[in-house]
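The values are calculated or read from the model by the stated rules, or taken from the named source; none is laboratory data. Because the structure is a prediction, the values reported are computed rather than measured. Heads up, the Cβs are rebuilt from the backbone with ideal geometry, glycines too, and the neighbour counts pull from every protein chain shown.
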Amino acid sequence: MNSLGMVEVSGVTAAVDCLDIMCKSANVEFVTWERKLGGRLVTIIVKGTVSAVTAAVENAVAGAIIKPCSYAVIANPHEETERIVSISAARLKKKRG
């Protein structure tokens, strides 16, 4: 994993829209999502090269149906950051079955 990209937006519909924009605009892979406050605040996390993740996040922020609350690109994330994201992804995978 070279880079992580995160977009936090209000609502599940807006989050899915952001994910769609990110995946269509750059070569990134969906990692996980976190829903807080009953789905009123959703963070989408993708991974890929620094340039792809940067482009994906920028396009999602520019094209989102609701302005994102926050967003970030982390190039070469620390191993503890990767661990936290892996825990979230494992939780999502476990829910899937």
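In this structure, does GLU34 turn out to be in contact (Cβ under 8 Å) with a residue 60 or more places away in the chain, surrounded by 16 or more Cβ atoms within 10 Å (Cβ to Cβ) and within 23 Å of LYS94 (Cα to Cα)? Judged against the criteria, GLU34 is not a match. Every residue in region 4-31 that is closer than 19 Å to LEU92 by Cβ, touching a residue at least 40 places away in the same chain (Cβ under 8 Å) and not in a helix (DSSP H, G or I), please. Passing the criteria: LEU4, GLY5, MET6, VAL7, GLU8, VAL9, GLY11, VAL31. Each residue in region 47-82 was checked for being under 11 Å from GLY5 (Cα atoms) and in contact with a Phe, Trp or Tyr (Cβ under 6 Å, 6 or more places away or on another chain), and 1 of them qualify. Taking VAL85, is it at pLDDT below 95 and either surrounded by 19 or more Cβ atoms within 10 Å (Cβ to Cβ) or out of contact with any strand residue (DSSP E or B) (no Cβ under 9 Å at 6 or more places or on another chain) (or both)? Yes, satisfied.
Of all residues in region 42-55, those satisfying the criterion of being buried (at least 16 other Cβ atoms within 10 Å of the Cβ) and either in a strand (DSSP E or B) or more than 11 Å from the chain's Cα centre (by Cα) (or both) are VAL42, THR43, ILE44, ILE45, VAL46, LYS47, GLY48, ALA52, THR54, ALA55. Do you know which residues across region 52-97 are polar (S, T, N, Q) and without any contact (Cβ under 8 Å) to a residue 24 or more places away in the chain? The one that is polar (S, T, N, Q) and without any contact (Cβ under 8 Å) to a residue 24 or more places away in the chain: SER86.
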